[in-house]
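The values are calculated or read from the model by the stated rules, or taken from the named source; none is laboratory data. Everything numeric here is computed off the predicted structure, so don't read it as measured data. Neighbour counts run over all protein chains shown; Cβ positions are idealised from the backbone, glycine included.
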Amino acid sequence: MNQKEASDCNNMNEIRHEIDLIDHEIVQLIAKRALYVYKAAEFKKDETAVRDQKRVKAVIESKKQLAKLYKLSPTLIENIYTVMIQHFINEEISLVNN
């Protein structure tokens with residue numbers, strides 16, 4: 001997608017259009033991430049393996065560091081990843097238990 005820089009937008013319609021393009025990419029990337037999560041479930045034998053709290057903590061911490069690098073709120077990223085990871089843990093548990 002050819003995207004304008006925020007500084008090149010001349011009105012709210014252009015800004016909203018660009019945000020919509022970004023949101024499309026975000027959802028597409030989450031869907032791609034989900035495929036890896038579902039594949040990972042095939043290698044996990046039980047709920048303990050799914051609920052790997054050490055891994056969850058490491059993932060969230062690394063994303064908070066990325067947030068700082070991009071001058072974004074680490075709290076925002078922590079909240080987003082916490083919700084997303086918990087959702088995928090629940091889905092993985094369903095897959096592992098079936």
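Laid out as a table, the results:
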| quantity | calculated |
| --- | --- |
| Residue count for the stretch 1-30, restricted to those that are at pLDDT 95 or above, aliphatic (A, V, I, L, M) and over 18 Å from Val59 (Cβ atoms) | 6 |
| Matching residues, the stretch 18-76, being of a type in the set (Asp, Glu) and under 14 Å from the mean Cα position of the chain (by Cα) | Asp23, Glu25, Glu61 |
| Selected residue (criterion: surrounded by the fewest Cβ atoms within 10 Å (Cβ to Cβ)) from residues of the stretch 21-69 that are aromatic (Phe, Trp, Tyr) and assigned to a helix (DSSP H, G or I) | Tyr36 |
| Glu18 being part of a helix (DSSP H, G or I), charged (D, E, K, R) and either touching a residue at least 24 places away in the same chain (Cβ under 8 Å) or surrounded by 14 or more Cβ atoms within 10 Å (Cβ to Cβ) (or both) | yes |
| Close pairs (9 angstrom Cβ cut-off, 6 or more residues apart or separate chains): over 19 Å from Glu47 (Cβ atoms) in the stretch 75-87, part of a helix (DSSP H, G or I) and acidic (Asp, Glu) anywhere | Glu78/Glu61 |
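Condition check ((1) over 16 Å from Ile30 (Cβ atoms); (2) modelled with pLDDT under 95) across all residues:
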{"site": "Phe43", "(1), (2)": "yes, yes"}
{"site": "Asp46", "(1), (2)": "yes, yes"}
{"site": "Arg51", "(1), (2)": "yes, yes"}
{"site": "Lys54", "(1), (2)": "yes, no"}
{"site": "Lys57", "(1), (2)": "yes, no"}
{"site": "Lys63", "(1), (2)": "no, no"}
{"site": "Pro74", "(1), (2)": "yes, no"}
{"site": "Asn79", "(1), (2)": "no, no"}
{"site": "Gln86", "(1), (2)": "no, no"}
